[in-house]
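These notes concern the structure reproduced below.
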Amino acid sequence: MSSCPVLTLAAALLLLGSAAASPPAAAPAVSVHPELWPAAAPAATDQATETFVEHLLAHMSLEEKVGQMIQADIASISPAELRAYKLGSVLAGGGAAPGGNVRATAQAWLDLTDDFYRASLTATSAEHQPIPILFGIDAVHGHAKVVGATIFPHNVALGAAHDPDLIGRIGRATAEEVAATGIDWTFAPTVAVARDVRWGRSYESYSESPELVAAYAAAMVSGLQGQRGTPQFMAPGHTLSSVKHFLGDGGTLGGRDQGDTDVPEASLSAVHGAGYPAAIDAGALIVMASYNSWNGVKLHGNHYLLTDILKGRLGFSGFVVGDWNAHEQVPGCTKFRCAAAILAGVDMLMAPDGWRQLYKNTLAQVRSGEIPPARIDDAVRRILRVKTVAGLFKRPAPKDRSDAGDFKLLGSAAHRALAREAVRKSLVLLKNDHGTLPLNPHAKILVAGDAADSIGAQTGGWTIDWQGDHNSNADFPGSTSIFGGIRAAVAAGGGSSVLSKDGRFTEKPDAAIVVFGEGPYAEFEGDRENLEFSPHDSLALEVLRRLHADGVPTVAVFLSGRPLWVNREINASDAFVAAWLPGSEGEGVADVLFRSPGRENYDFTGRLAFSWPETAMPVTFDAAGNAAGNVSGALFSRGWGLDYRSTSAKAPLLSEDPHIPPHWIAAPGSLFHAGHVVAPWSIFVADDSAEVHFTTARQESPQRAVAVASQRDGSAVVWAGPQAGLFTISGRAGDMRPLAARKLAIDLRYRVDRVPTQVVKIGLRCTEPKCGTPAGAMLDVTRVFGNAPPGKWQTLSIPLSCFVAAGADLAQVVVPFALETSGPFGLTISEVRLAERTSGPKPKCLGTI
C-alpha cells in the first residue's frame, strides 16, 4: 500500500458503528522453519535512547499508550480531536489533502502538518514531556501528492536502470522535498518481488529479481533516512522510510491484489523476503504489514511472520504499521476492533476512518485482559524508540525547522535533472530495425498517440491523488510531456515537429513517434485478467499500421506499469521502446531518441528487470520459486535490451496469437466469470457497520450478515439476517449511459441454494449524485429468486434502462452490481456481465424499491 482509500460503495448504508467482537477463526497450519531466514546480529542498543523511552513509558496512561498505536487519516481527524485522543500518527491517504483539495499549495501542506504537530505537543499530561506525532504520506515516486514537486519514474522503470546509486540519490531528493512540507515519514520503499505482473501494483516493484530488490531496498532507505551510523542519519532534509509490504505481496495467486501467496516458506524467505534484511541493515525503522495472506493466513494476523521472524530472527527493533484498514480482513476482526492484529505483532494500526471506535474498543480489550498490557507496552516502546531515534523529540514544529518552508526545493532544477537522468537510464530498447534509432533532429518529426502530450499518462497512479487518473498538464507546473521534450530537441537540432494524436498528416514526415500505453491506476484497480495490452481498443495499433503502410519510419514509445503482450504493436513498429512510467521529466525520452553533433549523446543503457511475456499470460518461474527464478514463457528475458551498438537487422515477425486459455477468456462486459471476479473489478461484502474486500477463500461482513466463499462453479453468497447484508461488485467509477443507449442489460447466471425469507433487492450504485436514492437504484427481485427452483441454474436479465427508470444517474457508476437482503438466503453466482439483447422477448422491468 499504502494508504489506499477503499471504494465507498454504499456510503449511506454503511454507518460508522462498533461491531460485536467475534472470536478469531482458527488459522490454517503453516510451515515454521526459522532457520530458512537469515539470522541478524542482536540489534545495537543505545542506552540513552532506551532509558528515555522507558521513562516516558512508565509515566504514560493506558489511554495515551493506546493512542500511540493508532494512525488516523487527515480526512477524518482535526488537530482539535488530536488533542483529545492523543494519537501517535496521522497520514494523508491517497485522496486526502489540506481542505480536501488535492491540488493544495505547498504552503497549505506545511500549514496542515504544523497544525497537527503543535496539537500533538499540547495533547499530553503533566506526568511526562509531550510526545510529537508522526505525519506520514505516500511519496512513493517523489513527493507526488504535492503540485509542483519532482515526480520520479515509478519503481518498475527504476529497476531497468540497474543502478543502486541512482536510487539512493532519488531517495535523498525525495526526502528533501517531503521535509520541505514538514512531513516526517514516507511510505516507501516497496520491496515486493512481483512474479505475476497481472498484479495492479507491479509498477511499485523494482524487479522480479530478489537480488536487485535487496540492493535497491538498502539504497532507498539510506537515501531517505541518511546513511546509518553517520551524522547524516535522520539529519535535516531526511525522512523516515517504511519498508513494505511484509510479506509476499508480489506473489499472490493470479496476481490479485491483497490475495493469497501460496508458496513454501523457503520461497517466501528467499524471494519475497529478500529486501527486508538489507533494509533493516541499512537502518529501516518502520515496516508496513501487507494485505495479502500467506498460505491462507492474513499477514496482519500472522504472529509467526510479524513477531517470530521479523522482530525475532531478522532483529527488527522498530515498529510495524498496518495498511489502510487491512486489519479488518483478519478473521474475527472489524476495522473498529482487532485484538488479533495487535497480538500478531502490528504495533500501529492504520485506521483512517474508524480510529475513534478502534481506540475505544482497544482500551476495552486491554482492560478486559484480551490484550495483555505487556503487548501494549512492547508496541508503544517500539513506536517511542523510532520517534526518539528519528529525532522528533528534539525537532521544532514544522514551520520552525531549518529543512521546511523552502519550497524552491520542490521541483528544483537539480532534482528535475536527476529525474531526467533516471528516465534516460530506465528506457529499454526492444526493437530497432535497420538502425531507425537514433533519429536525426534536423528532420520532420510527426508525434502521435494519446499519451504523447499527457504528463498524467507519464506519471501514472499515486500522483496528486490515489489513482492519478484525473490530472491534466496544468497540474504539473515545471514538468515536460514527452512531446514537449521531443519538440525542444527537434527545435534545437533545426528540425520541425508536429503533434497529431491520430497520426494523420498532410506533409509526409521523415519519421514518426507514437506514444501510447496504459492509463493511470493504482492497487487493485490495476489488476488484469491477462497481459494483452488493449484487446478492445486498437487505436494505437491502427496508427502504427497506417504509418507503416505509408512508408514512414515509426518509433513506438510504450508507457506501462509492467511488461505487457504487445506483439502486434512491435510488429507494426520499426523501433520499440519500453518507457514504463517515466514521471514528470519527459525530456529524458527525447535525450535518448535523438542524436546530433554539438550535444551530449545518450545511448540506451536500460535492461529489463522483468521478463517480457511471449504470450498474453504471465511468465512462470520454476517450481522451487528460488531466487534465481528460472523463467518459462519469456519473449525477452530479464537483463535483455538493445543499444546503438546492437545489430540493426530486421527482427522476425512475432506471433499475434495471444494464446489465452479458453477458461481465462471473459466476454467484453464481464464482471464475474469462471468462478472469479474479473479484474480489475472487486467483490465487497457489507452490513450496517462496514464493508470488507473479499480477498480470501471466504469472507464475512463485519457483523456476519452476509458471507461469500469461492467454489469451483462460482461464488456462494449466504445471508444470515436479521440485519441487511450487501454483496457488491465494484470498481472505478464509469459512465454507463452509452451502454444503456445500446440497450445493454445486466445478465446474472445464478443458482438458488436457499430461498429468500425477506425482500431481495438488486441494483447499482454511483458516486455523487446518488443513483435514485441514498441506497442506490434498487429493484425488487424477491419473486424471481423465490420462484426459482433450488439447485438449478437460471439467468436473470435486467436492462440498464430499468435502473434509469428507477432514478439512476448512470454517469458515474461505481457499483454495477449490488445484491441485498436482510433475511436468510443462499445464492451461487457463476456469471455477471453487461450483455446486448440480440434475440428473445424483451425483458420486463421489475419492481422499484
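The values are calculated or read from the model by the stated rules, or taken from the named source; none is laboratory data. Everything numeric in this text was worked out from a predicted model, so none of it was measured. Quick reminder, even Gly has a Cβ in these numbers, built from the backbone with ideal geometry, and neighbours come from all protein chains shown. Areas reflect the complete protein model, heavy atoms only, side chains present, ligands, DNA and RNA absent. Shrake-Rupley method; radii C 1.70, N 1.55, O 1.52, S 1.80 Å.
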> Looking at 495, 503, 435, which is the one that is out of contact with any helix residue (DSSP H, G or I) (no Cβ under 7 Å at 6 or more places or on another chain) and open to solvent by less than 30 Å² (accessible area, probe 1.4 Å)?
Replying inline: 495
> Can you tell which of 349, 384, 392 is touching a helix residue (DSSP H, G or I) at 6+ places or on another chain (Cβ under 7 Å) and within 18 Å of residue 54 (Cα to Cα)?
Replying inline: 384
>> What are the pairs with Cβ atoms under 9 angstrom where one residue, in the range 731-751, is within 18 Å of residue 672 (Cα to Cα) and the other, located anywhere, is part of a loop (DSSP other than H, G, I, E, B) and of a type in the set (Ser, Thr, Tyr)? Sequence gap at least six, or different chains.
In response: 732/521; 733/767
>> Between 757, 795, which is assigned to a strand (DSSP E or B), of a type in the set (Val, Ile, Thr) and surrounded by fewer than 19 Cβ atoms within 10 Å (Cβ to Cβ)?
In response: 795
>> Out of everything in the range 148-178 that is in contact with a Lys or Arg (Cβ under 8 Å, 6 or more places away or on another chain), buried (at least 24 other Cβ atoms within 10 Å of the Cβ) and among the hydrophobic types (A, V, I, L, M, F, W, C), what residue ends up being nearest to residue 205 (Cα to Cα)?
In response: 156
> When the residues of the range 235-281 are filtered to those that are part of a strand (DSSP E or B) and in contact (Cβ under 8 Å) with a residue 60 or more places away in the chain, which remaining residue is farthest from the chain's Cα centre (by Cα)?
Replying inline: 240
>> Name the residue that is farthest from residue 177 (Cα to Cα), counting only residues in the range 205-222 that are part of a helix (DSSP H, G or I) and open to solvent by less than 10 Å² (accessible area, probe 1.4 Å).
In response: 210
> Residues of the range 660-680 being touching a Gly at 6+ places or on another chain (Cβ under 6 Å) and crowded, with 22+ Cβ neighbours inside 10 Å, which ones?
Replying inline: none
> Could you list, in sequence order, the residues of the range 88-133 that are within 18 Å of residue 348 (Cβ to Cβ), within 22 Å of the chain's Cα centre (by Cα) and not small (Gly, Ala, Ser)?
Replying inline: 90, 91
>> Within the range 308-338, take every residue that is free of Cβ contacts under 8 Å to residues at least 40 places away in the same chain and part of a helix (DSSP H, G or I) and give me the one that is least open to solvent (accessible area, probe 1.4 Å).
In response: 327
> How do the pairs read when you match residues in the range 377-399 that are farther than 17 Å from residue 47 by Cα and assigned to a helix (DSSP H, G or I) with residues anywhere that are modelled with pLDDT of 95 or more and not aliphatic (A, V, I, L, M), using Cβ under 6 Å and keeping only pairs 6 or more apart or on different chains?
Replying inline: 379/347; 380/65; 380/68; 398/113; 398/114; 398/117; 398/182; 399/114
> Within the range 516-534, which residues are in a helix (DSSP H, G or I) and surrounded by fewer than 24 Cβ atoms within 10 Å (Cβ to Cβ)?
Replying inline: 525
> Could you list, in sequence order, the residues of the range 571-590 that are open to solvent by 10 Å² or more (accessible area, probe 1.4 Å) and of a type in the set (Asp, Glu)?
Replying inline: 574, 587
> Taking the condition in a loop (DSSP other than H, G, I, E, B), in contact with a Pro (Cβ under 9 Å, 6 or more places away or on another chain) and at pLDDT below 95, does residue 352 pass?
Replying inline: no
> Which residue pairs have Cβ atoms closer than 8 Å, lie 6 or more positions apart in sequence or on different chains, and pair a first residue in the range 29-55 that is modelled with pLDDT under 75 with a second residue that is in a helix (DSSP H, G or I) and surrounded by 11 or more Cβ atoms within 10 Å (Cβ to Cβ)?
Replying inline: 30/265; 30/304; 31/265
> Take the residues of the range 74-105 that are buried (at least 22 other Cβ atoms within 10 Å of the Cβ) and of a type outside the set (A, V, I, L, M, F, W, C): which is farthest from residue 149 (Cα to Cα)?
Replying inline: 86
> Counting only residues that are among the aliphatic types (A, V, I, L, M) and either open to solvent by 10 Å² or more (accessible area, probe 1.4 Å) or in a helix (DSSP H, G or I) (or both), which one in the range 535-570 is farthest from residue 652 (Cα to Cα)?
Replying inline: 539
> Is there any pair with a first residue in the range 89-105 that is under 18 Å from residue 140 (Cα atoms) and a second that is among the basic types (Lys, Arg) and assigned to a loop (DSSP other than H, G, I, E, B) whose Cβ atoms are under 9 Å apart and which are 6 or more apart or on different chains, and what are they?
Replying inline: 92/145; 94/145; 96/145; 97/103; 97/145; 102/145
> Within the range 708-724, can you find the residues that are open to solvent by less than 10 Å² (accessible area, probe 1.4 Å) and of a type outside the set (Ser, Thr, Tyr)?
Replying inline: 708, 714, 717, 719
